[in-house]
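Here is the structure we will look at.
The values are calculated or read from the model by the stated rules, or taken from the named source; none is laboratory data. Remember, it's a predicted structure, so these values are computed and weren't measured experimentally. Neighbour counts are summed over all protein chains in view; Cβ atoms, including those assigned to glycine, are modelled from backbone coordinates with ideal geometry.
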Amino acid sequence: MNAGTTTTSVSTLGSASPGFLAGAERDWNVSRTTLLVILAVPWLVAFSGVAAALAGKSSYKLLTQEDGIAETAQVVFYTITLLLGLVLTCRLWRTESKAIAVLYLLFCGGLVFLVGEELSWGQRILRWETAESFAAINKQGETNLHNIEGVGATFKWVQMLVGAYGTILPLVLLWSKSLARYRDKLSLLVPHCTLIPYFALLFLWRFYRNVTDPPQEFYFVVSEYNEVLELVLALGFFLFVVFQLRRLKRGELRGT
């Protein structure tokens, strides 16, 4: 992205709503309708969890249970994002943005881990037996790390930090004058401000869950709602990579 484009985008994105939308349209290079869909999706997905809970336990379980709709969609979007991320990594490497490409490679490694954990590393697909050592410490009796007693809490704090990253840093990058000279490079690593809700919803939810206990009468609903917001995050990762690929296609990242 050239300096003129950056200045225009920042000034419009920091102004009132019409300026925000116009600037975001230019940054994404999409129609107003497409942009509004991007802005609406995280709220629609979040509300779908509320609607499913109100519809009854069976509907809510269908959405949030292991291998349910939300978890399956997460795996699908993480996998697509992984493939697109590898394409982006290779293209950045060829544009001599090798340090950034290495960071994207680490990001892709994180996606491999997320997909593996969601699928219990293929156990539920291939149906192998859980080793006794794992079964004794894993609350679901499966071969994954995030359900190991004590380790799961660490994952929850990591989720909150990821949410904070995508919530706070876009605003810092947008408004900080001291970072203006680095904005082009940093924008490769920080989600566009239109993607903030995809991260903020999980950040706020995980903060709430990490510091408070839900009412016992609503424990199942509250504890399983995380699956819905993890789907929102997966969509945020997907759109983050799509945004960078679109910039690369338009030549805005060349020579960064």
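Residue check: Arg206 meets all listed conditions (1) without any contact (Cβ under 8 Å) to a residue 60 or more places away in the chain; (2) surrounded by fewer than 22 Cβ atoms within 10 Å (Cβ to Cβ); (3) assigned to a helix (DSSP H, G or I) but one, namely (2).
Among all residues of the stretch 104-120, there is at least one that is under 30 Å from Arg250 (Cα atoms), surrounded by fewer than 13 Cβ atoms within 10 Å (Cβ to Cβ) and either without any contact (Cβ under 8 Å) to a residue 12 or more places away in the chain or over 20 Å from the mean Cα position of the chain (by Cα) (or both). The single condition among (1) out of contact with any Ser or Thr (no Cβ under 8 Å at 6 or more places or on another chain); (2) at pLDDT below 85; (3) part of a helix (DSSP H, G or I); (4) surrounded by 16 or more Cβ atoms within 10 Å (Cβ to Cβ) that Ala153 does not meet is (4).
For the stretch 41-73, enumerate the residues that are aliphatic (A, V, I, L, M) and under 15 Å from the mean Cα position of the chain (by Cα). Within the stretch 41-73, Val41, Val45, Ala46, Ala70, Ala73 meet the criteria. Being within 18 Å of Tyr104 (Cβ to Cβ), touching a helix residue (DSSP H, G or I) at 6+ places or on another chain (Cβ under 7 Å) and not polar (S, T, N, Q) is a property that Pro170 has. Of Ala101, Ala153, all but one fail to be under 23 Å from Tyr165 (Cα atoms), touching a Lys or Arg at 6+ places or on another chain (Cβ under 9 Å) and not polar (S, T, N, Q); the exception is Ala101.
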